[in-house]
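The values are calculated or read from the model by the stated rules, or taken from the named source; none is laboratory data. The structure displayed is predicted, hence computed values, not measured ones. Every residue, glycine among them, receives a Cβ derived from its backbone with ideal geometry; neighbour counts consider all protein chains shown. Keep in mind that these areas ignore ligands, DNA and RNA; they rest on the heavy atoms of the full protein, side chains included. Shrake-Rupley method; radii C 1.70, N 1.55, O 1.52, S 1.80 Å.
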Protein chains: 2
Amino acid sequence: MNKIIECVPNFSEGRDTEKIEEIASSFRNCRGVKLLDIQKDGDHNRSVITVVGEPGPLMEAVIAAIGTAVKLIDMNTHKGQHPRMGAVDVIPFIPIRNATMEDAIELSKETAKMVWETYRLPVFLYEASASRPERKDLANIRKGQFEGMADKVKTPEWKPDFGDGGIHPTAGVVAIGARMPLVAFNVNLDTDNIEIANAIAKKVRYIGGGLRYCKAMGVELKERRITQVSMNMTNYTQTPLYQVFELVRIEAKRYGVNVVGSEIVGLVPMGAIVDTAAYYMGLENFSTEQVLEARIME
Amino acid sequence: MNKIIECVPNFSEGRDTEKIEEIASSFRNCRGVKLLDIQKDGDHNRSVITVVGEPGPLMEAVIAAIGTAVKLIDMNTHKGQHPRMGAVDVIPFIPIRNATMEDAIELSKETAKMVWETYRLPVFLYEASASRPERKDLANIRKGQFEGMADKVKTPEWKPDFGDGGIHPTAGVVAIGARMPLVAFNVNLDTDNIEIANAIAKKVRYIGGGLRYCKAMGVELKERRITQVSMNMTNYTQTPLYQVFELVRIEAKRYGVNVVGSEIVGLVPMGAIVDTAAYYMGLENFSTEQVLEARIME
């Protein structure tokens, strides 16, 4: 069974459709690589591409796309709401199938080396690939953004993992790393009181003492006159969806509030769904290999 | 997205590995067709092959395999515990992905026509492809088995859908049809009293007034000193797994018995698992297209 890795590169161009298409073209009609999604955001002036593939072909396609972005995007004239530090802002590699986090880390480091050597684009390794604890969090690396990066990379603590002490004149710097798949999971509450949604979010999320791989905040759904606990599950294999779902329900009880539904935004790995079904029905010795579609994929 | 149909042909040879391999070879290295499993049973003297593929290539491979079985298996000398009426006993086609039951029915009828014209092997259409209500159930068609089939097919009510009033001298007859995927789903009870498991089975299954697409019986798990309600779910899209799971739990309460787990035997379509997770977490507007692996397959 071949390894499948996902990559979700973020490019600092969300308006010029031709440029975005030229960047994305590296992922089209490319053996061993499949383009799943392109999200253009004009306000953020940023595009997020979702692609999956076998490690080798995926790396080649990603490096080619980075080259196109470096050629087409000049950060000196870039304006957008979303914080960014380079023409290619961030490149996460995500293990999906028959692949381990180690595979993704190795792929991210190979890619980082090639990107520096080929385009002279300095690279910070982040998340699971980070060389230091303070570089795990992308926000720390990106602080100062493109405009502040030339000075930042000169400081010893922020010397890029690949680079020569400067930034790329038009493309800035890029963060490349490995992480688990994110699952965007929201649980709806039968209250329009955002204070309650926020209080529950604080209790279930990691920084509040809650579940380790859960980020959460309260959100109002104005038309429906309800609120939700909006969450990013950063490692569904360690912190399963059913666990946070049940914990939200338990916390909601304190306020006489009920859970009235939930939603998964975007894509979710099959394992997260299988895990949930297996928990609620007490399925014994069930594996994703028993899912017909998974067998067909092998 | 291309259509994917599953086929689970049953051949009346479970002992001679060479013959089974020769029959199965039609499904190997065959573009557009994937061999998933071969189950040989010596006592039943029967092999069950699971294969998936696109309609065209799948039909070709199935017809080739039937030809091999007709050539290699002589029912006049066949002995085995499992009831059978031909060298190829039954050929179900099952819609799996981007395919409807109508697609599977059409494929089964094309295959039936080809099988008769190519091998002079008479065919009964069964299940969703049946030409009469009494032919939906394979057991009705097979009654009398190979030994009684020559006389049976001469009666007007059991004239094969394709044939000339006789049987194939060595291969007998075959049933070809379309059905939904079967899910073998067992729910475990914390009692060793088989009477209770049987009583619950009777209440949840269709013939007892229970769920329409549920067949059930009680089974003892002697080593574990528990029992289970062992079920065949014949249409998980109409009768979902969570429904029968909850119904077993509710019936068990009458006897002060608890559900202590469950198991799915063999393969299960992703839709059945997604449906279960969506029910227990109240997932709104969730579709299998959001499952990453499903998107990769497209």
Worksheet item: Only one of (1) within 14 Å of chain A (Cβ to nearest Cβ); (2) surrounded by fewer than 18 Cβ atoms within 10 Å (Cβ to Cβ); (3) modelled with pLDDT of 95 or more; (4) touching a helix residue (DSSP H, G or I) at 6+ places or on another chain (Cβ under 8 Å) fails for B:Thr237. Which number is that?
Response: (3)
Discussion item. Taking the conditions exactly as written (modelled with pLDDT of 95 or more and farther than 22 Å from B:Met101 by Cβ), does B:Ala61 satisfy them or not?
Written reply: no
Item to complete: For A:Gly256, work out the one condition from (1) over 27 Å from B:Gln228 (Cβ atoms); (2) crowded, with 17+ Cβ neighbours inside 10 Å it doesn't fulfil.
Response: (2)
Item to complete: Would you check if A:Val268 is within 25 Å of the chain's Cα centre (by Cα), within 20 Å of B:Val274 (Cβ to Cβ), at the interface with another protein chain (Cβ under 9 Å from one of its Cβ atoms) and not small (Gly, Ala, Ser)?
Response: yes
Worksheet item: What number of residues within segment B:218-234 are touching a Phe, Trp or Tyr at 6+ places or on another chain (Cβ under 9 Å) and open to solvent by 40 Å² or more (accessible area, probe 1.4 Å)?
Response: 1
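Quick test for you: out of A:Ile296, A:Ile194, A:Ile207, pick the one residue that is in contact with an Asp or Glu (Cβ under 6 Å, 6 or more places away or on another chain) and either under 30 Å from B:Phe27 (Cα atoms) or more than 9 Å from chain B (Cβ to nearest Cβ) (or both). Full working, then the answer.
Details: A:Ile296 fails: in contact with an Asp or Glu (Cβ under 6 Å, 6 or more places away or on another chain); A:Ile207 fails: in contact with an Asp or Glu (Cβ under 6 Å, 6 or more places away or on another chain).
Only one candidate passes the filter, namely A:Ile194.
Please count how many residues of segment B:256-265 are in contact with a helix residue (DSSP H, G or I) (Cβ under 8 Å, 6 or more places away or on another chain), of a type outside the set (A, V, I, L, M, F, W, C) and within 7 Å of another protein chain (Cβ to nearest Cβ). So that I can check it myself, show each step before the final result.
Let us first name the residues in segment B:256-265 that are in contact with a helix residue (DSSP H, G or I) (Cβ under 8 Å, 6 or more places away or on another chain), namely B:257-259, B:262, B:264.
Filter once more, keeping what is of a type outside the set (A, V, I, L, M, F, W, C): B:258, B:262.
With within 7 Å of another protein chain (Cβ to nearest Cβ) added as a condition, the list becomes B:262.
Total satisfying the criteria: 1.
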Discussion item. Looking only at segment B:272-283, count every residue that is more than 7 Å from chain A (Cβ to nearest Cβ) and either open to solvent by 20 Å² or more (accessible area, probe 1.4 Å) or of a type in the set (D, E, K, R) (or both) and tell me the total.
Written reply: 3
Worksheet item: Taking the condition within 14 Å of chain B (Cβ to nearest Cβ) and modelled with pLDDT under 95, does A:Ala139 pass?
Response: no
Response to the item:
Considering residues that are over 15 Å from B:Ala150 (Cβ atoms) and buried (at least 24 other Cβ atoms within 10 Å of the Cβ), the number found within segment B:75-93 is 5
Practice prompt. Would you tally the residues in segment A:131-167 being crowded, with 20+ Cβ neighbours inside 10 Å and under 24 Å from A:Glu110 (Cβ atoms)?
Written response: 10
Worksheet entry | helices (runs of 4 or more DSSP H) wholly inside segment A:30-148 containing at least 2 residues that are hydroxyl-bearing (Ser, Thr, Tyr) and farther than 28 Å from A:Asn235 by Cα | A:101-119
Fill in: Those residues of segment B:50-74 which are within 14 Å of chain A (Cβ to nearest Cβ) and surrounded by 22 or more Cβ atoms within 10 Å (Cβ to Cβ), in sequence order
B:Val51, B:Val52, B:Gly53, B:Leu58
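Can you go through A:Gly261, A:Gly282 and tell me which one is at pLDDT 90 or above and closer than 22 Å to B:Glu289 by Cβ? Reasoning before the result, please.
Working: A:Gly282 fails: closer than 22 Å to B:Glu289 by Cβ.
Matching residue, one of A:Gly261, A:Gly282: A:Gly261.
Based on what the data block shows, is A:Ser25 touching a residue at least 12 places away in the same chain (Cβ under 8 Å), over 25 Å from A:Val183 (Cβ atoms) and within 19 Å of the chain's Cα centre (by Cα)? Break it down into steps so the answer makes sense when it comes.
Numbers: touching a residue at least 12 places away in the same chain (Cβ under 8 Å): yes; over 25 Å from A:Val183 (Cβ atoms): yes; within 19 Å of the chain's Cα centre (by Cα): no.
Criteria not met by A:Ser25.
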Worksheet item: Going by the structure shown, is A:Tyr213 aromatic (Phe, Trp, Tyr), within 20 Å of the chain's Cα centre (by Cα) and either modelled with pLDDT of 95 or more or crowded, with 17+ Cβ neighbours inside 10 Å (or both)?
Response: yes
Fill in: Scan of segment A:28-48 for residues that are away from chain B (no Cβ under 14 Å), under 19 Å from the mean Cα position of the chain (by Cα) and either within 19 Å of A:Thr111 (Cβ to Cβ) or buried (at least 22 other Cβ atoms within 10 Å of the Cβ) (or both), ordered by number
A:Arg46, A:Ser47, A:Val48
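Scan B:Ala171, B:Ala178, B:Ala184, B:Ala199 and give me the residue that is within 14 Å of chain A (Cβ to nearest Cβ) and either modelled with pLDDT under 95 or in contact with an Asp or Glu (Cβ under 9 Å, 6 or more places away or on another chain) (or both).
Details: B:Ala171 fails: within 14 Å of chain A (Cβ to nearest Cβ); B:Ala178 fails: within 14 Å of chain A (Cβ to nearest Cβ); B:Ala199 fails: within 14 Å of chain A (Cβ to nearest Cβ).
After ruling out the rest, the residue left standing is B:Ala184.
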